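Here's the structure we're looking at; comments come further down.
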Amino acid sequence: MTSPYRQAVQAVMAPARRQVFGESVTITPFGGDPVAAVMPFSSAYTREEPGMDGVPIQTTSPAAGPTDIVYLAGLGVTVSADPETRTRLAYGGTDYDVDEVRPDGFGSVMLILAEV
């Protein structure tokens, strides 16, 4: 359970993070219309995942976020990484499919992307 303090800090910080670090992107939900949004974007987001032998493996991929789910809901966007209903994101003239949606437990998600 997230503490009320953490929820309050998240509510204050999320809009500020978008304003300072945000980039203009276009999100197109499966079967929906494109929606303009502002969120942090990284073309080389590094994440660490456990390997087969337990040794961590670092991978790099494009990513958008973290962005709060309330902001996305306010835009009318439900993000999906399901291959049959995948959301598409466009940034800087390049299209990306949402490959993975990683919630952070505080009301935000990181969108792991794959270039189309």
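The values are calculated or read from the model by the stated rules, or taken from the named source; none is laboratory data. Keep in mind that this is a model prediction, so the values were computed, not measured. Ideal geometry is used to build each Cβ from the backbone, glycine not excepted, and the neighbour counts take in all protein chains shown.
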**Request:** Could you list all residues from the stretch 38-66 that are closer than 16 Å to Leu113 by Cα, out of contact with any Lys or Arg (no Cβ under 7 Å at 6 or more places or on another chain) and aliphatic (A, V, I, L, M)?
**Result:** Ala44, Ala63, Ala64
**Request:** Only residues in the stretch 67-88 that are without any contact (Cβ under 8 Å) to a residue 60 or more places away in the chain and of a type in the set (Gly, Ala, Ser) count as the first member; pair them with residues that are in a loop (DSSP other than H, G, I, E, B) and surrounded by 11 or more Cβ atoms within 10 Å (Cβ to Cβ), Cβ under 9 angstrom, at least 6 apart or cross-chain, and list the lot.
**Result:** Gly76/Pro29; Gly76/Gly32; Ser80/Pro29; Ser80/Phe30; Ser80/Arg86; Ser80/Thr87; Ala81/Thr87
**Complete:** Sole miss for Ala37 among (1) exposed (fewer than 11 other Cβ atoms within 10 Å of the Cβ); (2) under 14 Å from the mean Cα position of the chain (by Cα) is condition (1)
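With respect to Gly32, is the statement that it is surrounded by 10 or more Cβ atoms within 10 Å (Cβ to Cβ), small (Gly, Ala, Ser) and modelled with pLDDT of 85 or more true?
Numbers: surrounded by 10 or more Cβ atoms within 10 Å (Cβ to Cβ): yes; small (Gly, Ala, Ser): yes; modelled with pLDDT of 85 or more: yes.
Yes.
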**Prompt:** Among (1) in contact with a Leu (Cβ under 6 Å, 6 or more places away or on another chain); (2) closer than 26 Å to Pro4 by Cβ, where does Pro40 come up short?
**Reply:** (1)
